[in-house]
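The structure appears right after this line, and notes come after that.
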Amino acid sequence: MAALALPGRRRTRSGNQRREARAAYGFIGIWIIGFLVFTLGPMIASLVLSFTDYNAISSPKNVGWDNYRQLVSDPKVAKALANTLIYAVMYVPAAMAVALGLAMVLNRVGRASGFFRTIFYLPVMTPPVAAGALFLLLLNGNQGLLNRTLHLVGINGPNWTTDTAWVKPGLAITMLWGVGGMVVIYLAALRQVPKELYEAASLDGAGAWMRFRRITLPMISGALFFTLIVQTIYALQMFDQAYTMFFGGQQNTTYSNDAALFYVIYLFQQAFGFLHMGYASALAWLLFIVIMIVTAIQVRVSRRFVYYEGERD
C-alpha cells in the first residue's frame, strides 16, 4: 500500500513545487517589469539621446560624439564636478562621524533609546525643499539664528549663503540634519558587537580609545562601509536642497550660485532650462561613470579594512 501511495505523493509534491515556482516568478516578474520600464529602459534611452541633438520638441538629430567633446571643453562641467567632489569630501566623513557619535550615545541610553531613535530619525522624513528653505533662513549672514548664536559666544559667523568659501561647508552642515538613517544602522551594528570582547579588553588594560579602535570600529566596519558607499553616491547627486537655497525663487547673486553649482543642478539646467536633452544625457552618463569609478576605488580599498564576521584568512 505504501508503495502504491508513493506516486501520488510525488505528484502532489511536484504540483506544490510548480505552484510555488509560479508564485515566485510572479513576484520576481513584477520587479523585473519595474526595472525594465523605470530603470534599464530610461538608461538605454538616455544613452541613445547622448549621441543626439534633442530639444524635446523636434526629432532627435544624430551628432555622434559631439556632446561628449563638449563636456571636455565646457568650463561649467569642470566647475560643477569640482564643487560636487569637494562637497562630498566635506559631507560624507562629517555625516558618518556625527551619526556614529549619536549611535554610541544611544547605545548607552538603555530603555529610552527607542524614543531618541525616533527623534533622530524624524528629520529624514522632512521634505528636502522645506529643509532647504528653513536653512536658508537659519544661515542668513546677518539675521540667521546660527550667526546670532555664535555672536553670543563672541564669534562673528561668516556669510554662509553668499561667501564662496563658506557655501559648501554651510551646505554640508545643513545636510547633517538628516543623518538619522545612519544612526539607526550604526546602532544596530553596535548592538551586535559581543560584550565579551570589551570585557576581555578591559581585563587586559585597554582604555576606552583602544577598545573603540581595536574592537568597535572593526566589528562595525561592514556597516561603516555600506553607509560610506551610499552616502558618497547620495552626495555626488546633491540637488534638491542646494537648488532650493541658491537657485529657487529668491536667487542669490551669481558669485554664490557658482560656488553652489553642483553637477546635477547643471544637468537639470541643461535639460529643463535650455532643453539640451542630448547634452544633459551625456552629462548624466559622465556622472554615472564617475560614481562607478569612485565606488570601485572604495570597494578595492575596503578589502583591507572591512571585517565580516565568519571570514577566515
inquiry  = V98 - would you say it is in contact (Cβ under 8 Å) with a residue 40 or more places away in the chain, surrounded by fewer than 16 Cβ atoms within 10 Å (Cβ to Cβ), of a type in the set (V, I, T) and farther than 21 Å from T244 by Cβ?
reply    = yes
request  = With respect to M104, determine if the residue is in contact (Cβ under 8 Å) with a residue 40 or more places away in the chain, under 17 Å from L171 (Cα atoms) and part of a helix (DSSP H, G or I).
outcome  = no
note = Only unsatisfied item for N67, checking (1) more than 30 Å from A172 (Cα to Cα); (2) loosely packed, with under 15 Cβ neighbours inside 10 Å; (3) polar (S, T, N, Q); (4) at pLDDT 90 or above, is (2)
query = Is it true that some residue in region 136-148 is touching a residue at least 60 places away in the same chain (Cβ under 8 Å), surrounded by 15 or more Cβ atoms within 10 Å (Cβ to Cβ) and either of a type outside the set (A, V, I, L, M, F, W, C) or touching a strand residue (DSSP E or B) at 6+ places or on another chain (Cβ under 6 Å) (or both)?
reply = no
request  = Would you tally the residues in region 45-67 being more than 26 Å from the chain's Cα centre (by Cα) and either within 28 Å of F225 (Cα to Cα) or not in a loop (DSSP other than H, G, I, E, B) (or both)?
outcome  = 8
request  = Consider only pairs whose beta carbons are under 7 Å apart and that are at least six residues apart or on different chains; among these, list those whose first residue lies in region 263-283 and is more than 21 Å from D240 (Cβ to Cβ) and whose second residue is of a type in the set (K, R) and assigned to a helix (DSSP H, G or I).
outcome  = none
inquiry  = Restricting to region 273-313, and then to whatever is in a loop (DSSP other than H, G, I, E, B) and at pLDDT 90 or above, can you tell me which residue is surrounded by the fewest Cβ atoms within 10 Å (Cβ to Cβ)?
reply    = F274
message = Being of a type outside the set (D, E, K, R), more than 21 Å from the chain's Cα centre (by Cα) and within 30 Å of N142 (Cβ to Cβ) narrows it down to one residue among W177, W166, W209; which is it?
response = W166
message = Between T162, T227, which is surrounded by fewer than 20 Cβ atoms within 10 Å (Cβ to Cβ) and hydroxyl-bearing (S, T, Y)?
response = T162
Only listed residue being surrounded by 13 or more Cβ atoms within 10 Å (Cβ to Cβ) and within 28 Å of F225 (Cα to Cα), chosen from V129, V92, V77 = V92
message = Considering only residues that are of a type in the set (K, R), in contact (Cβ under 8 Å) with a residue 12 or more places away in the chain and assigned to a helix (DSSP H, G or I), which ones fall in region 186-218?
response = R211, R214
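The values are calculated or read from the model by the stated rules, or taken from the named source; none is laboratory data. Remember, predicted model here, so these are calculated numbers, not experimental data. Ideal geometry is used to build each Cβ from the backbone, glycine not excepted, and the neighbour counts take in all protein chains shown.
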